[in-house]
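Here is the structure we will look at, set down as structure tokens.
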Amino acid sequence: MKILVTGGAGFIGSNFVHLTLEKYPEHEITVIDKLTYAGNKESLKEVIDNISFVEGDICDEDLIDQLVSQNDLIVHFAAESHNDNSIADPSPFIQTNLIGTFIILEAIRKHKKKLHHISTDEVYGDLELDDPSRFTPDTPYNPSSPYSSSKAGSDMLVRAWVRTYGIHATISNCSNNYGPRQHVEKMIPRQITNILIGSKLKLYGKGENVRDWIHVDDHNTAVWQIINKGESGEIYLIGADGEKSNIEVFNLILQEMGKDETWLEHVKDRPGHDLRYAIDNTKLIEELGWSPQYTNFEDGLRATIEWYKKNEAWWKPQKDTTEAKYRKVEA
Ligand code: NAD
Ligand code: TDX
């Protein structure tokens, strides 16, 4: 197959490219990425000679038309992905996540190609901390932030294009990813790299909020299972039973990196901060036979810490500007 990967220089997209070349070397990969602040070509440096890389915007209709026409399957990761940024300035979220997805859908409709659309569990809003239930494919959409509402809108566009125009598309909604090559704005890499530069960890509010953590490689093996075995029009929730409160994760990072709680700083909470996300992955496991490899969060976190220790050249250039952005809102 010829596969077009949008957002392939980002965190999950670049890990998808690495995993695909390793597990399915018979496929031909083209990456299209705008190289926004979140895109980093260095994330593809080991494989750059084995793929085609196009620097471009998914909102560029002519470019997308041409690239979609030349490929069989489009795996659509490209998005503005950070909640805090969406609160400070929603505009690029509307442009890339909604308009960009629309442009991809129109090219797919015209050229009759297949789409796998990557989305998030945040489209379902949040659960109470003491609510035992989890998100299922039938949970009503109820997004909270400009980011999650733009992703919810993009999912709705895909669903409508399947029903109205009969395009071939699958959707996955995944929980919080962690692992190598994640931008230092996100919670886990931010705290690891804070310690590495001698700064304190920054915890929003009391740290009671719960996230359902999954290793990025497990996310991507689930995406492959959906590509190989999923049915067009179906929605698959991806999660690996990894619920942890933020304070639990912070304590594990402190412990793993040999620091005590004096390294913890409570900062201003995120406006509209979702309380808890939790995924019911029954459909993925029972219908598609997927299972995660990283079942021990502590092991995955330790490997991630090691990656950031060894790859300072990858994250250091982004660290100062990221923290300067945070200082404006956390003061
Ligand atoms: P990321 O911010 O690390 O990467 C996004 C990539 O998209 C970057 O390389 C960026 O340059 C590129 N991009 C942005 N706008 C573009 C445009 N207009 N045209 C072309 N490229 C553009 O994000 P990520 O964490 O890798 O997330 C990837 C996808 O997975 C997103 O759709 C996100 O909503 C979804 N998702 C993320 C998580 C998570 O925990 N990170 C969980 C569930 C779902
Ligand atoms: O410095 C921090 N301190 C902190 O306490 C940061 C950056 C975050 N947090 C909290 C906020 C959240 O409760 O940690 C939790 C995780 O925050 P993020 O890493 O910003 O992730 P989240 O907002 O949960 O969204 C992530 O998962 C779903 C991804 O960024 C999204 O792209 C994905 O859709």
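Every number in this text was worked out from the coordinates using simple rules, so none of it is lab data. Worth saying up front: this structure is predicted, and the values here are computed from it rather than measured. Cβ sites come from the backbone with ideal geometry, for glycine too, and all protein chains shown count toward neighbours.
Please build a GNM for the chain, connecting alpha carbons under 10 Å apart, and tell me which residue among 107, 78, 152 fluctuates the most.
Maximum among the listed residues: 107.
Please give the calculated 222 nm ellipticity per residue for the chain, where each DSSP H segment of at least 4 residues contributes -39500 (n - 2.57) and the sum is spread over every residue; nearest 500 deg cm²/dmol?
Roughly -12500 deg cm²/dmol at 222 nm, from the helical runs in the chain.
Please work out the FRET efficiency for the pair residue 128 and residue 63, using the Cβ-Cβ distance as r and a Förster radius of 41 Å; give the result to the nearest 0.05.
Computed FRET efficiency for residue 128 and residue 63 comes out at 0.40.
Using the beta-carbon distance between residue 42 and residue 299 and R0 = 22 Å, what value does 1/(1 + (r/R0)^6) give for FRET efficiency, to the nearest 0.05? Intermediate results must be reported in sequence, preceding the final value.
Numbers: r = 26 Å, r/R0 = 1.16.
FRET efficiency, residue 42 to residue 299: 0.30.
If you average the sequence gap of Cα pairs under 8 Å that are 6 or more apart and divide by the length of the chain, what percent do you get for the contact order? Mind showing how you got there, number by number?
Working: 606 pairs, mean separation 57.3, N = 331.
Once normalised by length, the contact order is 17 percent.
Quick one: dipole size for the chain, taken about the Cα centre, charges +1 on Lys/Arg Cβ and -1 on Asp/Glu Cβ, in debye to the nearest 20.
Working: 36 positive and 52 negative charges, 115 e Å.
So the dipole magnitude of the chain works out to roughly 560 debye.
How far apart, in nm, are the 7 Å Cα→Cβ label points at residue 197 and residue 35?
The answer from the label model is 2.2 nm.
Between residue 313 and residue 2, what is the label-point separation in nm under the 7 Å Cα-to-beta-carbon projection?
Calculated label separation equals 3.4 nm.
Excluding residues fewer than 8 places away in the same chain, name every one of the lysines whose C-alpha is closer than 24 Å to that of residue 316.
34, 41, 45, 186, 200, 202, 259, 325, 328
Quick one: 257, 187, 1, fewest Cβ neighbours within 10 Å first, how do they rank?
1, 257, 187
Find which of 53, 123, 66 sits farthest along the positive direction of the dipole of segment 1-131, computed with +1 on the beta-carbon of Lys and Arg, -1 on that of Asp and Glu, about the Cα centre.
66
Quick one: grab Rg to one decimal and Dmax as a whole number for segment 1-154, Cα atoms only, in Å.
16.2, 50
Can you compute the FRET efficiency between residue 26 and residue 269 using 1/(1 + (r/R0)^6), with r the Cβ-Cβ distance and R0 = 35 Å? Round to the nearest 0.05.
Plugging the Cβ-Cβ distance into 1/(1 + (r/R0)^6) gives 0.15.
Once you've got the GNM for the chain with C-alpha springs shorter than 10 Å, pick whichever of 190, 159, 270 has the biggest mean-square fluctuation.
Per the Cα network of the chain with a 10 Å cutoff, 270 tops the list.
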